[in-house]
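Undergrad: Right, I'll just put the structure down here and ask away after.
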Amino acid sequence: MHRRDFLAGLGALGAYGLVGAAERADPLRGPDVIFVPTPDEVVDMMLKMAGVTRNDTVYDLGCGDGRIVITAAQKYGARGVGIDIDPERIAEATENARRGGVADRVKIIRGDLFEADISGATVVTLYLLTDLNLKLRPKLLRDLKPGTRVVSHAFSMGDWKPERTAEVAGTTVHLWRIPARKR
Ligand SMILES: C[S@@+](CC[C@H](N)C(=O)[O-])C[C@H]1O[C@@H](n2cnc3c(N)ncnc32)[C@H](O)[C@@H]1O
């Protein structure tokens, strides 16, 4: 699905109003954005732009059906950690990792991406919304090791300019690198 359709879908749902409903019996709140899978071609571009190798640990924050971390494990031999708040997505991603033969390299964790421990990542992938990227930005800069690559499908990071941007399949992929800490 292209960014245009994704945004139209969100608009139809009343964007944050309906998809962000927080009042649930469940101790975890509802998702901040609905599940829309990244097309395979775009997944490949994200992993290529990040330069993923078998030495990487790829975290997908809001992992959906797990396709990004599963592909990272299958194609590059990387380790993957997928985090999602939606139990349906967790069940789906866990099953997909098992079926894809990478359950030993891919961990799927239910949790809120804003609260998760992401310090083990060497690559972080995102397909959220610009507002969520902006809210996440301080955590990325604080918790990730310098040199960690961050790739986002479609959405930017405001005035944090990407190191590289590429067009693929009618959408955009951005790459940033966590800078060295200022002393
Ligand atoms: C647009 S989908 C992207 C799925 C996947 N990363 C991909 O690119 O194919 C966003 C995902 O983020 C999840 N999500 C939304 N808010 C979240 C939160 N606060 N913590 C964890 N996951 C969240 C949704 O459940 C959904 O699966």
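Undergrad: For a Förster distance of 35 Å, can you work out the FRET efficiency between the beta-carbons of Lys182 and Lys75, rounded to the nearest 0.05? Numbers along the way, then the final one.
TA: Values: r = 36 Å, r/R0 = 1.02.
So, using R0 = 35 Å, E works out to roughly 0.45.
Undergrad: Fully extended, how many nm does the chain gain between Arg98 and Phe114 (0.36 nm per residue separation, minus their Cα-Cα distance)?
TA: Values: separation 16, 0.36 × 16 = 5.76 nm, distance 2.63 nm.
My answer for the length gained is 3.1 nm.
Undergrad: Give the long-range amide H neighbours of Ala154: residues separated by 5 or more places, or on another chain, with amide H under 5 Å away, using H modelled in the peptide plane at 1.01 Å from N.
TA: Thr172, Val173, His174
Undergrad: Can I ask one more? Looking at region 3-177, how many pairs of lysines come closer than 22 Å at the Cα, when each pair is eight or more places apart or spans two chains?
TA: For region 3-177, the number of qualifying lysine pairs is 11.
Undergrad: Please list, ordered by chain and number, the residues whose modelled amide H lies under 5 Å from the amide H of Thr148; skip anything fewer than 5 residues away on the same chain.
TA: Ile178
Undergrad: Subtracting the Cα-Cα distance from 0.36 nm times the residue separation, let me have the gained length for Glu88 to Ile34 in nm, one decimal. Please list the in-between numbers first.
TA: On the way: separation 54, 0.36 × 54 = 19.44 nm, distance 1.20 nm.
Using 0.36 nm per residue and subtracting the Cα-Cα distance, I get 18.2 nm.
Undergrad: Still on this structure, please answer the following. Sort the following peptides by mean Cβ neighbour count (other Cβ atoms within 10 Å, averaged over residues), highest first: 68-80, 100-112. Display every interim value, and only then the final one.
TA: Working: 68-80: 23.5, 100-112: 17.5.
The densest-packed peptide leads the list: 68-80, 100-112.
Rule-based calculations on the coordinates, nothing more; no lab input. Computed from a predicted structure; not experimentally measured. Glycine also receives a Cβ, built like all others from the backbone with ideal geometry; neighbour counts cover every protein chain displayed.
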